[in-house]
Amino acid sequence: MYYRKFVAWAVAFLIAVSSIGIASAKSNDNNEQRSLQSIEPLNLAVLIQDDLISQVANEIGVTKDFIRSLPEGSQVMVGYITAGTLQVRQPFTTDLEKAAKSLRIPTSSRSSAPFNPYVEVIEALRKFESSGTNANALLLISDGLDTSRGFDSTAAGHTLDIERTINEANKRHVSIFSFYAPSVGLTSRSHLAASYGQSSLNRVSKETGGRAFFQGTSGFVTFDSYFSRLRETLNRQYARAR
């Protein structure tokens, strides 16, 4: 009799603990979704370099969740930097679900290499309207490496198109935030190339009022920590007036 009571008590205890864990997880999910609701609406362009390594495909889900978490009134554009062109999958729209669904898995192919992502960033910047009250931001997911004029260590972070990108973003009042991920080309094989790419992203973000996110030059880090820190940055930078 005592044994049966003990087993029943233990089962009830485990069910209770599991319920608390599930409730806690749901609460965390809800808090994550609400974490950007205290900021002003944004005009956000999300650009993904198409030749990034295949592991980036696993991060499309969290990228969709981030788009869905934006405050009401935000507008989102989704584009891919591929083989020297900007492929706009979704022009600016206030339908956040539609924007999220327009994301696709990168091709992760060398044939999609842009050689210079910044030319397409400039093209995307020109799609921001000059009028409107929303703050403007661009999220660039890229290896940041400009090899259009060769792999020159002296030019890392200081190429002509990086200068043009910074000038165009500042002229249009667009803050560029960036996530580093290696491509299937140089940055997945060379720590030096990865370092140059990160240096370029860091400069572009810093000089346009944004922020660059990366961790080390080897391996791949998921976007979870990037988005967590990006949310914190946006909450500080675009908080609603109280």
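Yes or no, residue by residue, for (1) modelled with pLDDT of 90 or more; (2) over 15 Å from residue 100 (Cβ atoms); (3) more than 19 Å from the chain's Cα centre (by Cα); (4) assigned to a loop (DSSP other than H, G, I, E, B):
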| residue | (1), (2), (3), (4) |
| --- | --- |
| 4 | no, yes, yes, no |
| 9 | no, yes, yes, no |
| 16 | no, yes, yes, no |
| 21 | no, yes, yes, no |
| 24 | no, yes, yes, no |
| 36 | no, no, no, yes |
| 44 | yes, no, no, no |
| 60 | yes, no, no, no |
| 67 | yes, no, no, no |
Inset, instruction - Determine, yes or no, whether residue 192 is at pLDDT below 95 and more than 25 Å from residue 60 (Cα to Cα). - result: yes
Legend entry - Residues of region 133-174 classified as assigned to a helix (DSSP H, G or I), under 25 Å from residue 74 (Cβ atoms) and polar (S, T, N, Q), total: 2
Inset, instruction - Please work out if residue 96 is touching a strand residue (DSSP E or B) at 6+ places or on another chain (Cβ under 9 Å) and crowded, with 24+ Cβ neighbours inside 10 Å. - result: no
Inset, instruction - Would you mind stating whether residue 227 is surrounded by 20 or more Cβ atoms within 10 Å (Cβ to Cβ), of a type in the set (Phe, Trp, Tyr) and more than 19 Å from residue 117 (Cβ to Cβ)? - result: yes
Inset, instruction - Mind listing just one residue for me: the one in region 103-150 that is polar (S, T, N, Q) and under 15 Å from the mean Cα position of the chain (by Cα) and, of those, nearest to residue 71 (Cα to Cα)? - result: 136
Inset, instruction - Examine region 148-164 for a residue that is buried (at least 18 other Cβ atoms within 10 Å of the Cβ) and either touching a strand residue (DSSP E or B) at 6+ places or on another chain (Cβ under 6 Å) or closer than 24 Å to residue 57 by Cα (or both), and state whether such a residue exists. - result: no
Inset, instruction - Give region 97-132 a look and list any residue that's of a type in the set (Lys, Arg) and part of a helix (DSSP H, G or I), or say none. - result: 98, 101, 110
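The values are calculated or read from the model by the stated rules, or taken from the named source; none is laboratory data. Only a predicted model underlies this, so the values are computations on that prediction, with no experimental measurement involved. Quick reminder, even Gly has a Cβ in these numbers, built from the backbone with ideal geometry, and neighbours come from all protein chains shown.
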